[in-house]
Every structure is written in C-alpha cells, then in structure tokens.
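Report on the following structure.
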Amino acid sequence: MTMSTRPALVAATLAAVLLGTAALARQSVWGNFTSTTPNAGNTITAAADFRAPTASASAIGKTAGGIVGQIKKGGTYYVYANVSDSGNPASGVSSVTANVSSITSGSTAVALSAGSFSAGGVSYGYRSAALTAGSTLAAGSYSYSLTLTDVAGNSKTQTGFTVTVDNTAPTGTDVQIVNGGATAGLAEAGDKITFTYSSEIDPNSILSGWNSGSASVVVRLNNATNDTVTIYNAANTTQLPLGTVSLGRSDYTTANITFGASGTASSMAMGGNTITITLGTQSAAATTASATGTMTWTPSASATDAAGNAGSTTAVTESGAADKEF
C-alpha cells in the first residue's frame with residue numbers, strides 16, 4: 001500500500017463505521033418508540049375486505065323433507081348451504097347461487113335466499129326455491145357448485161358438492177313377528193313385528209319428523225276372516241304407511257284390540273332396511289293361536305326411500321316355515 005492510497009482507505013473505513021452506527025441508531029430509535037400524547041391526525045384504518053365468502057356445508061334434499069343427498073329423476077328438490085364471509089373486517093355475504101345444470105337443464109345460477117332452514121337434521125342459512133330434476137336423469141352421482149359473492153365484490157366458485165340420483169323403488173322383502181312376552185302364539189306386550197325392505201326407507205315418509213329413533217305408536221290387532229295388524233300414530237287417529245299384515249289365521253283375537261293406546265306405548269324404531277314395532281299395553285286379552293300359519297304383508301306406496309321413490313305395494317309372504325305368530 002502506498003502512502004497516497006492510505007488516507008483514502010482510512011476515510012472509507014471511517015465512513016462505513018459511521019453508516020453502521022447510524023443504521024444501528026435508527027433501529028434503536030424505532031425499537032424504543034413510544035406514544036405519550038394523542039395526535040388526532042394519526043389514524044389507523046382497517047384493511048379492506050379482500051376475501052370471498054366460503055361455504056362450510058351444502059346439500060340437496062327432496063322437497064318432501066327427510067334424508068338429504070338423494071333425489072330421483074323428475075323429483076323436486078332444494079339446494080341448501082351454509083355460507084360465511086371471512087374478510088378483515090367481513091363486508092357480509094351479498095349473494096349465493098348454485099350451478100345445478102347437471103341435474104336441472106339450464107340452471108347455471110340458481111339464487112339461494114337467506115333464512116333459517118333445516119334438512120336432514122342440519123340447520124342451513126341459505127336455500128333455493130323448489131327445483132325439478134330432469135325427467136330422464138340416469139341413476140348415479142352428480143356434481144354441482146356454488147358461486148359466493150360478498151358486499152365488497154369478492155367472488156369465488158366453490159366445487160366438490162354432489163348428490164345421488166336413485167330411480168329404483170323400494171320393495172318389501174320380509175315380515176316377521178317374534179315372541180317377546182310370556183306365551184308363544186299369544187299377542188301381548190313385548191312381542192315384536194319387523195318389516196324388512198330392499199333399501200332404507202326415509203323415516204320422515206312413515207311419520208312426519210321421525211328420524212329413525214324410537215317413536216311411540218299404536219298397534220291394532222283386527223278381528224277378521226284372517227286377523228290383521230295395522231300400525232297407527234301415537235294418537236291412534238292415523239294409520240302409518242306400513243301397510244297391512246294378514247296373519248293367515250282367524251284365531252289370534254275375537255275382537256279388535258289396541259296395543260299402546262293407553263299405558264305403555266308401542267314403539268317403532270329403524271335400523272338399516274328394517275322397521276321394528278314393539279307392542280305396548282294391550283286394551284284387552286287376545287287368544288292363543290291353535291295352529292301355525294303364514295303371514296302376508298301388503299306394503300304402502302306412501303313409504304318412500306331417501307330419494308323419494310314410492311314403495312312397491314306387491315304383497316310379501318313371510319319367509320321360513322309356517323309358525324304361530326307372537
């Protein structure tokens with residue numbers, strides 16, 4: 001290093017040190033800043049809403065209510081959704097529309113209205129008007145989407161929602177009565193009647209508002225040429241759409257008897273494809289059947305599956321060997 005370059009090097013080094021010290025001082029000043037007096041000229045404004053709303057849930061359900069997620073061709077249905085806006089702060093949901101053109105031709109932007117709705121045991125904040133599925137829809141899974149817009153104009157289309165189209169009518173496949181009382185062949189409290197279908201029946205189609213748990217009903221044992229069994233609501237005023245069971249014999253009772261109209265109610269519960277009735281307190285004594293027989297069950301068309309297909313009314317013969325019922 002020459003004598004001529006040494007002063008320049010010293011000056012450069014000193015400048016670097018001074019700059020570093022200044023930077024450190026600035027950091028120190030910012031790091032220790034405190035406010036001691038208010039200043040009306042300094043305000044903090046919240047950031048604008050720049051996030052589109054989000055749907056946390058959506059479902060399609062038939063207008064008759066009950067189980068959601070399944071419809072039939074030509075059936076009527078609603079689109080449900082739960083939507084929230086997550087801006088900072090949120091500007092609020094402006095509109096929700098559904099593209100269900102795969103199910104209902106031309107329905108690319110069906111409006112959903114805000115409100116309080118319930119479907120399949122879930123509460124929803126938005127629902128469409130009633131729509132009609134295409135009359136030629138094949139069975140299978142169909143996709144639909146929602147377009148969500150907030151007051152600030154943020155919008156997005158959310159996909160991944162599906163509904164199943166089922167066009168097959170449920171049928172009765174078997175009926176059985178099992179002794180649960182003290183005497184075989186004698187109708188009494190504790191005996192059970194089981195109806196079996198080819199597919200799950202919508203409990204709401206059997207009893208309005210029923211969700212498949214235990215429900216109170218009345219069982220009627222009717223004296224006839226072949227004694228019959230029918231199921232009524234808890235008030236014993238309306239026959240439920242479980243059809244009529246002919247017991248195949250006339251010696252189970254000499255008069256019409258009810259089970260569960262007073263005292264302990266008869267009960268109804270669903271498990272998979274079966275509906276089981278347990279007899280409650282009886283209004284009068286029945287008689288013990290003297291011989292075996294075979295039951296015949298005629299289902300009701302008013303019992304529908306989850307998609308809304310009406311049940312077949314084709315008569316069903318009890319499976320197994322002839323026996324005494326109850």
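The values are calculated or read from the model by the stated rules, or taken from the named source; none is laboratory data. Because the structure is a prediction, the values reported are computed rather than measured. Using ideal geometry, Cβ is built from the backbone for each residue, glycine included, and neighbour counts are taken over all protein chains shown.
Odds and ends about this structure:
- Long-range neighbours under 8 Å by Cβ, at least six apart or interchain, first residue over 28 Å from Ser199 (Cβ atoms) and in the same structural domain as Val217 (by TED's automatic domain parsing) within segment 257-281, second aromatic (Phe, Trp, Tyr) and not in a loop (DSSP other than H, G, I, E, B): Gly280/Phe259; Thr281/Phe259
- Summed over segment 45-92, residues that are over 13 Å from the mean Cα position of the chain (by Cα), surrounded by 17 or more Cβ atoms within 10 Å (Cβ to Cβ), among the small types (Gly, Ala, Ser) and assigned to a strand (DSSP E or B) total 1.
- Ser199 being of a type outside the set (D, E, K, R), closer than 30 Å to Ile277 by Cβ and in contact (Cβ under 8 Å) with a residue 12 or more places away in the chain: yes
- All positions within segment 278-305 that are of a type in the set (A, V, I, L, M) and either more than 24 Å from Ala189 (Cβ to Cβ) or surrounded by fewer than 16 Cβ atoms within 10 Å (Cβ to Cβ) (or both): Ala284, Ala285, Ala291, Ala301, Ala303
- Checked against (1) assigned to a strand (DSSP E or B); (2) surrounded by fewer than 19 Cβ atoms within 10 Å (Cβ to Cβ); (3) touching an Asp or Glu at 6+ places or on another chain (Cβ under 7 Å), Val175 meets all criteria but (2).
- No other residue among Thr168, Thr254 is loosely packed, with under 15 Cβ neighbours inside 10 Å and under 30 Å from Ala57 (Cα atoms) apart from Thr168.
- Failed condition for Gly185, given (1) surrounded by 18 or more Cβ atoms within 10 Å (Cβ to Cβ); (2) under 26 Å from the mean Cα position of the chain (by Cα): (2)
- Of all residues in segment 188-214 being among the polar types (S, T, N, Q) and over 20 Å from the mean Cα position of the chain (by Cα), the one that is farthest from Phe259 (Cα to Cα): Ser198
- Flag if Ala307 is more than 20 Å from Gly66 (Cβ to Cβ), in contact with a strand residue (DSSP E or B) (Cβ under 7 Å, 6 or more places away or on another chain) and not in a strand (DSSP E or B): no
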